[in-house]
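J.: Quick one: this structure, given as structure tokens, is what I'll be asking you about.
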Amino acid sequence: MKSILFLVVCLSVNGQQLLPPIQNYQLLDYKGGTKNWDVSINENGELFVANNKGLLHYNGEQWTLNKLPNNTIIRSVKSIGDKVYTGSYEEFGYWTKNEFGELAYTSLTHLIKNHTFTNEEFWEIFQSSDGKVMFRSFSAIYCYADDKITVIDPPFVVSDLIEFNGKLIVAGGFVGLFEIQGDTYLPLPGHDILTGKTINDIAIFGGNLLIGTKLSGCFLYDGKQLTPWQASINDDLKEHQLNKITLLGENLLGFGTIKNGMYLYNSESGKYNVLNRESGLQNNTVLSSLLYKDLLWLGLDNGMARAKLNNPITYFTDYTGSLGMVYDIAWYNGTLFLGSNTGVFYFDGSQLKFVNGSQGHVWDLEVIEGDLLCGHTRGTFKVSKNSFELISEVAGGYQMIKVPDKKSTYVQGTYNGLAKFTKLEDGTWSVVKIEGVDEPVKQLCFETPNILWTAHPYKGFSRIHFKGAEYNKIDKVQKFKQKDAPSEYNAKLYNIKNHIVLNSEGNWFTYNPIGDKIERFEEFKHYKNKELLFFDEEYFWFVDDDEQKAIIYTDLKGDSLMLTDLPLRERLAPDSQNLVKVNDSTSYITLIDGFAKINVKEISKQEKLPTPSFIVFKDQESKHSVMDDNIEVPFRYAQSITIEVASPEYIYPHYYYKLEGPKEYSQYVEGGAINFQNLPYGEYTFKIATAGMDTTTSELKQLNFTISPPWYFSWWSLFFYAALGFLAIYLVRRYNRKKLERKHRELEERLHHEQQERMDKMEKEELAKEVKQKQNELASTTLNIARKNEMILELKNMLIMNKDKFSNSQRYRTFIKKLNSSIEDTEDWRRFEVNFKELHQDFFERLLKSYPSLTPKDLKLCAYLKMNLSTKEIAPLMGITVRGVEIHRYRLRKKLDMDSSDNLSNFLITF
């Protein structure tokens, strides 16, 4: 409770109202009625709400509405042990959970004997020190114990009851306070002071009774005397109609009002803060309230809300919209100034006020040389609470940095280049536009006193060399166009420990002055796609990518925190957020509608995280109890498995889980419903822990489940597969045997076929040899005949030439006749014809059949031509001259009906 006390004391430090994050739940969130009359929490942190439509149950992840059998409004609720008691119209009883975490109702009104309801609603449930559960209506008190109900029936309207110093005290509406002793109702001493005042609530505070009334504030009863409560907040409670009193700590009280929300009051300091519509509460009428650890639950007239009081991150939020998006923050003369897109604001006490004349976009707020300077869309201004003095007309002052080794001299990046600012001895500022740069400059940092780096999201980055020591003119502007140079789009620039570091499209680079080139920055290789928010000599603040937007606080050596507070992540402005460090533990971060204050030391000292609870295990078909040692899931329903968990003690919980088994997963998740798709069968162990805002985790909680094998892997299936396997082996062996036999047959047939082919080949070769031999014989015979005829013809020619030398003419003619007879020897032709027909069977028959007019002499010429003999070779064979052969060929061509262009020899060779 000390931490809660410290928080509230510090909430209003320096005037501005910094509040813990408030989570509002609307009708669409919990799907119930508007009014939430009472709240209660069990030992696990689960919330139960008495709602217009029934009993609301919130397990930290999801809301469930449970209706009474008669659908009446539930006015009161109290969680005691494993039962949740509720009271409604002429009905009260309790709810218990089944194995699936679902609530079932049991009525107790049947235990009432000899008493009749008088149109009663039960507005309060109270557990006495002796274990009785008391149900209070305006007419009576019903005490439940040992399955019996006894009725206390006072003669006055009962508006509240409480135990104090072992006595049961009841509030009698507007007639005072009474102690119940048996059947007697004794008024408390001095209770007349309460006459005519409607008592709303009673609490024990500081050893006294604190009695709250509807319109008359609070009163104290010390056991002897009733007196008005002398506290400054009492006037506010009278004005805004006190409704509920909640103890929040040793010296801390919560007052729920009808008109102005919840007051958080510190009795030692007398200070208070208010949670109302102006500070983020969705409704100003508080009907019920309850503190569980550091979570304050509020039941409202329209909705629910909860606030984490002991939160290391607190917020200022402007719900009017006049502030706009905050771009920079500065402390100046004990006052907090804010620069936004609408102008400059400051805090006067708890009031946010506007600096007159500062309308327009503010880019930069810096305390420089004792002055608060504002880089504005219209120029640069000197700011105080009551003035906004123009010192430079150069539009768009993005950032201003000091020139190294140069007294009171600064360089500013603007819409149109660079400007030099010099603080003069008389306290005024001299401003000169630096020549040579006309493009926008949003970021800048010095590498050396004469070299300045500049960057703009659209114009890229440059290395600028100044000419001379006056900083009035640029000597050279260096661009980097190397192959692997960073993209110019969305470039950002930093000087980190005398190293120029650039970020472009999520990648980190550094400038190498020796090689005069841009290189990868290995120190930041694990921070790709992260924006550097702030850095000092020890720590760096990174903002994660657009999806998560978590803030990482690290020294790059292992000391690291991750801030995952949901309100912070939802309200960061990408590429526009800024961090202002106040001291080693406190920093401010600009937001889209205000700013946040972060206490890093408090984050590192967070309490032990609660272990999450398993709610239900679901497969595709049904739910399973998480109380089972091992959950069996049929394979056919295991295509989608959902495990629901919750950590109701922790605000904005997220989780870390591990799945061990045939398939393994591990991951951080934000929701409490973890789904697995198409897990293979086998035994699994699911472990889950609550993850804190600094990524620490709680103890792991374990759940075992088994996915049964599919039917095709059951024992019967395996037996069938084995039998099928044996049958397959038998069939395969039989098939292989048949196949082997077939192969043998095929091999024998192939061998026989190959042997036959070899024999045929041999016969063919033998036949070819014979044909060759016969061709040789035919050629030889033909050659011999031709030589013989040539010789005879030559002899004949010689005789003819020497005819005159023969004295006997008769003898000459005899010689000539014998020579002609030798040339026309039929025996030679017969021998030739036999050999020719052996080589060319049926040639003459086919030729005569086709050309019946051919003579024997024609056939003889055809035979010689088929042998491809020349005219010169044919002449002696036929015993005629070459000319006679040509004439004979001509006549043969006519008989064969051949054209003069056709080759006669080729025709006969192929015939």
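J.: Condition (residue is outside the structural domain of LEU338 (by TED's automatic domain parsing), under 20 Å from TYR652 (Cα atoms) and part of a strand (DSSP E or B)) applied to the stretch 266-288: is it met by at least one residue?
T.: Yes, that holds for at least one residue.
J.: Right, something else. For the stretch 844-856, state whether one or more residues are modelled with pLDDT under 80 and more than 25 Å from LEU767 (Cα to Cα).
T.: Looking for residues that are modelled with pLDDT under 80 and more than 25 Å from LEU767 (Cα to Cα), one finds none in the stretch 844-856, hence no.
J.: Say whether the condition of being at pLDDT 85 or above and either of a type in the set (A, V, I, L, M) or not assigned by TED's automatic domain parsing to the domain that holds ILE792 (or both) is met by at least one residue in the stretch 869-883.
T.: yes
J.: I would also like to ask the following. Among the residues of the stretch 699-720, is any within 30 Å of VAL633 (Cβ to Cβ), of a type in the set (S, T, N, Q) and assigned to a loop (DSSP other than H, G, I, E, B)?
T.: Checking the stretch 699-720: at least one residue is within 30 Å of VAL633 (Cβ to Cβ), of a type in the set (S, T, N, Q) and assigned to a loop (DSSP other than H, G, I, E, B).
J.: Kindly check whether there is at least one residue in the stretch 224-231 that is within 20 Å of ILE193 (Cα to Cα) and in contact with a Gly (Cβ under 6 Å, 6 or more places away or on another chain).
T.: yes
J.: When the stretch 587-622 is examined, which residues are found to be out of contact with any helix residue (DSSP H, G or I) (no Cβ under 8 Å at 6 or more places or on another chain), among the polar types (S, T, N, Q) and farther than 23 Å from GLN702 by Cβ?
T.: Correct list: THR590, ASN599, SER604, GLN606.
J.: A further question follows. If I ask for residues that are free of Cβ contacts under 8 Å to residues at least 40 places away in the same chain, aliphatic (A, V, I, L, M) and either in contact with a helix residue (DSSP H, G or I) (Cβ under 7 Å, 6 or more places away or on another chain) or buried (at least 16 other Cβ atoms within 10 Å of the Cβ) (or both), which ones from the stretch 163-192 would you list?
T.: Once the filter is applied, which keeps residues that are free of Cβ contacts under 8 Å to residues at least 40 places away in the same chain, aliphatic (A, V, I, L, M) and either in contact with a helix residue (DSSP H, G or I) (Cβ under 7 Å, 6 or more places away or on another chain) or buried (at least 16 other Cβ atoms within 10 Å of the Cβ) (or both), the stretch 163-192 yields VAL170, VAL175, ILE180, LEU188.
J.: Another question about this same structure. Given the condition surrounded by fewer than 20 Cβ atoms within 10 Å (Cβ to Cβ), touching a helix residue (DSSP H, G or I) at 6+ places or on another chain (Cβ under 9 Å), farther than 19 Å from PHE164 by Cβ and at pLDDT 95 or above, answer yes or no: does some residue in the stretch 242-258 qualify?
T.: yes
J.: Quick one: in the stretch 507-553, which of the residues that are within 24 Å of the chain's Cα centre (by Cα) and among the hydroxyl-bearing types (Ser, Thr, Tyr) is surrounded by the fewest Cβ atoms within 10 Å (Cβ to Cβ)?
T.: Filtering the stretch 507-553 for residues that are within 24 Å of the chain's Cα centre (by Cα) and among the hydroxyl-bearing types (Ser, Thr, Tyr), the one surrounded by the fewest Cβ atoms within 10 Å (Cβ to Cβ) comes out as TYR527.
J.: If a residue has to be under 16 Å from ASN498 (Cα atoms), part of a loop (DSSP other than H, G, I, E, B) and not assigned by TED's automatic domain parsing to the domain that holds HIS499 to count, how many in the stretch 520-544 make the cut?
T.: 4
J.: Also, quick follow-up: So is VAL158 closer than 30 Å to TYR94 by Cα, free of Cβ contacts under 8 Å to residues at least 24 places away in the same chain, of a type in the set (A, V, I, L, M) and in a loop (DSSP other than H, G, I, E, B) or not?
T.: Yes: the conditions hold for VAL158.
J.: A further question on this structure: Here is a check on your reading of the model: is THR706 in contact (Cβ under 8 Å) with a residue 40 or more places away in the chain and either out of contact with any Leu (no Cβ under 6 Å at 6 or more places or on another chain) or farther than 19 Å from GLU649 by Cα (or both)?
T.: Against the criterion (in contact (Cβ under 8 Å) with a residue 40 or more places away in the chain and either out of contact with any Leu (no Cβ under 6 Å at 6 or more places or on another chain) or farther than 19 Å from GLU649 by Cα (or both)), THR706 qualifies.
J.: Quick test of your reading of the structure: LEU264 fulfils all but one of (1) out of contact with any helix residue (DSSP H, G or I) (no Cβ under 6 Å at 6 or more places or on another chain); (2) in contact (Cβ under 8 Å) with a residue 60 or more places away in the chain. Name the failing condition by number.
T.: Here LEU264 clears every test but (1).
J.: Then there's this: Looking at the stretch 632-641, is at least one residue surrounded by 16 or more Cβ atoms within 10 Å (Cβ to Cβ), assigned to a strand (DSSP E or B) and under 26 Å from the mean Cα position of the chain (by Cα)?
T.: Yes, some residue in the stretch 632-641 is surrounded by 16 or more Cβ atoms within 10 Å (Cβ to Cβ), assigned to a strand (DSSP E or B) and under 26 Å from the mean Cα position of the chain (by Cα).
J.: Would the stretch 836-854 turn up any residue that is exposed (fewer than 14 other Cβ atoms within 10 Å of the Cβ) and under 25 Å from LYS818 (Cα atoms)?
T.: no
J.: Does the stretch 44-64 include one or more residues that are in contact with an Asp or Glu (Cβ under 7 Å, 6 or more places away or on another chain), free of Cβ contacts under 8 Å to residues at least 60 places away in the same chain and part of a loop (DSSP other than H, G, I, E, B)?
T.: No, the stretch 44-64 contains no residue that is in contact with an Asp or Glu (Cβ under 7 Å, 6 or more places away or on another chain), free of Cβ contacts under 8 Å to residues at least 60 places away in the same chain and part of a loop (DSSP other than H, G, I, E, B).
J.: From the list GLU632, GLU602, which residue is modelled with pLDDT of 90 or more and acidic (Asp, Glu)?
T.: Unique residue meeting the criteria: GLU632.
J.: Looking at LYS244, LYS238, which one is in a helix (DSSP H, G or I) and touching a Leu at 6+ places or on another chain (Cβ under 9 Å)?
T.: When all the criteria are applied, what remains is LYS238.
J.: Out of contact with any Phe, Trp or Tyr (no Cβ under 9 Å at 6 or more places or on another chain) and among the polar types (S, T, N, Q): is that true of ASN310 in this structure?
T.: Taking the combined requirement at face value, the residue does not satisfy it.
J.: Determine which member of the set ILE112, ILE141, ILE149 is within 28 Å of ASP183 (Cβ to Cβ) and touching a residue at least 40 places away in the same chain (Cβ under 8 Å).
T.: That would be ILE149, the only listed residue that is within 28 Å of ASP183 (Cβ to Cβ) and touching a residue at least 40 places away in the same chain (Cβ under 8 Å).
J.: Given GLY45, GLY54, GLY60, which one is buried (at least 16 other Cβ atoms within 10 Å of the Cβ), at positive phi and modelled with pLDDT of 95 or more?
T.: The unique qualifying residue is GLY54.
J.: Next question. Of the residues HIS110, HIS115, which is more than 30 Å from LYS623 (Cβ to Cβ) and in a loop (DSSP other than H, G, I, E, B)?
T.: HIS115
J.: What strands (runs of 3 or more DSSP E) lie completely within the stretch 344-439 and have 1 or more residues being acidic (Asp, Glu), in contact with a Cys (Cβ under 8 Å, 6 or more places away or on another chain) and in contact (Cβ under 8 Å) with a residue 24 or more places away in the chain?
T.: Hits in the stretch 344-439: 362-368.
J.: So which pairs qualify, if the first residue must be in the stretch 895-908 and touching a residue at least 40 places away in the same chain (Cβ under 8 Å), the second must be loosely packed, with under 11 Cβ neighbours inside 10 Å, the Cβ gap must be under 6 Å, and the two must be at least 6 apart or on different chains?
T.: Listed by first residue and then by second, the contacts come to LYS895/SER853.
Residue-by-condition table, conditions (1) under 60 Å from the mean Cα position of the chain (by Cα); (2) over 28 Å from LEU861 (Cβ atoms); (3) modelled with pLDDT under 70:
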site	(1), (2), (3)
ARG734	yes, yes, no
ARG745	no, yes, no
ASP760	no, yes, no
GLU763	no, yes, no
ASN776	no, no, yes
MET791	no, no, no
THR814	no, yes, no
ILE823	no, no, yes
GLU833	no, no, no
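The values are calculated or read from the model by the stated rules, or taken from the named source; none is laboratory data. Small disclaimer: the values here were computed from a predicted structure and weren't measured. Don't worry about glycine lacking a Cβ; one is built from the backbone with ideal geometry, like all the others, and counts go over all protein chains shown.
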